[in-house]
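The values are calculated or read from the model by the stated rules, or taken from the named source; none is laboratory data. Keep in mind the model is a prediction, meaning the values are calculated, not measured. Positions of Cβ are generated from backbone atoms using ideal geometry, with glycine treated the same way; all protein chains shown enter the neighbour counts. For the accessible areas, the whole protein counts, side chains as well, though only heavy atoms, and no ligand, DNA or RNA atoms are used. Shrake-Rupley method; radii C 1.70, N 1.55, O 1.52, S 1.80 Å.
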Amino acid sequence: MISLALRGSGRVRSLAAPVSRRCISSNHQVFAEGDIVLLRRLKDNATTILSTALNPSKKVETHRGNILHTDIIGQSTRKLVTSSAGAQYCVTFPTIEEYVTKVRRLVTPVYPLDAATIVSLLDIHVTAPTTDSTPPIEIFEAGTGHGSLTLQLCRAIHAANPPGAMHRGAIIHSIDISAKHSARASQVVHGFRRGIYSNDVDFHVDSPTAWITGELQRRGGAPFLAHALLDMPGPDEHLEALSNALLPDGVLGVFCPSVTQIGECLKKIKKLGLWLGKDIVVEFPPHAESVGAGLRGWNIKYTVVRARAKEAAAAAAAAEAETETESVAEEASATETSAVDGESGSEGALREEEEGGREVLVCRPSVGDRLVGGGFFGIFRKKGEC
């Protein structure tokens, strides 16, 4: 059952999913009523069509004629079907990438290769619950949107929720401020392979901070989240609540279109003294430059501008005194050496230690750290004693 918590109402409205005769795993070979299939034109592999749920009374409309659903039901995967105009199509179950990019959308999805990489970077590991008292792994997602990231998160935790289990071993709490988007995302998740991942996620309509605050109050203030993911505008506004809700060493991922938004998160963490430490920041290149998941590491930090004017004055004074005493000349030489030691170009103007300068945000690619989309993804961890 998928639930939408109505913001401000204190009530929970249930969207009871129809009971499926089966959930389609990777080894299913025969199409049945209710399945969603992908049709690929035999003479043009680029032309693909995602069907609606197969129904004996419906048909697939193509530019090359219609295909009756009854011509597909009962057939094996990768069988050919012929349209009313004589065009042949190969029928398969859609991959998660094909499904996400072709199913009707209300918002732009996180593209599947990027979404899979993001979930991999969260480092999620689950097992099936051994007893009824085993606490579930709880994962928070803010910014449900189309449901692309949600599906990848579900796939990562699905092994913790075997059929027939008395309770779930892992739960995804997916939050969106828009009831319309949340409802559509629940339909997207339920539509993939006959709802194979429907039991892995609960959908809620609320603001992230409000939902987390309410859960902390209900649980007596105890942290409960093992992982969290923010894919929404203004992620820094919710860091304080998430810092309180994350378990020690809990992982927080922040996905943003701009690298400066990651910088704002670092600024908020420092300003509020939050127990969050930055692990890595990576860039997903625009899809015009790659097919997704080609990552480049970034070095994002707040640092202090070196007092360049003071250094220049000291260097000038040392040059004037060079002919007076050997000791002054040596001192000037040491000053010049320290100004360039380990630093060059624009990096020489930036350093960690305070020397009377002001703090600025430094954002630069990590040289030589291309790790294998468009956007920036930062990973933070909840600190403990270290």
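For the pair LYS271 and ALA159 in one chain, pulling the backbone fully straight at 0.36 nm per residue adds 36.4 nm over the alpha carbon distance.
Remark: the SER76-LYS180 segment gains 33.8 nm on full extension, using 0.36 nm per residue and subtracting the alpha carbon distance.
The Cα atoms of segment 158-249 give a gyration tensor whose axes a ≥ b ≥ c have a/c of 1.5 or more with a/b no greater than b/c, which makes the shape oblate. Given R0 = 25 Å, the distance between the Cβ atoms of ASP123 and SER26 translates into a calculated FRET efficiency of 0.55. Apolar share of the accessible surface for segment 157-265: 57 percent from carbon plus sulfur atoms, 1.4 Å probe.
Placing pseudo-labels 7 Å out from each Cα toward the beta carbon at THR95 and GLU385 gives an inter-label distance of 4.7 nm. For the peptides 225-235, 104-114, the ranking by mean Cβ contacts within 10 Å, running from highest to lowest, is 225-235, 104-114. For segment 90-196, the average shadow cast by the Cα convex hull is 7.6 nm², which is a quarter of the hull's surface. Note on ALA53 and ARG218: the extension gain reaches 55.4 nm, defined as 0.36 nm multiplied by sequence separation minus the Cα-Cα distance. Per residue, the average separation of C-alpha pairs within less than 8 Å and at least 6 apart gives segment 108-196 a relative contact order of 34 percent.
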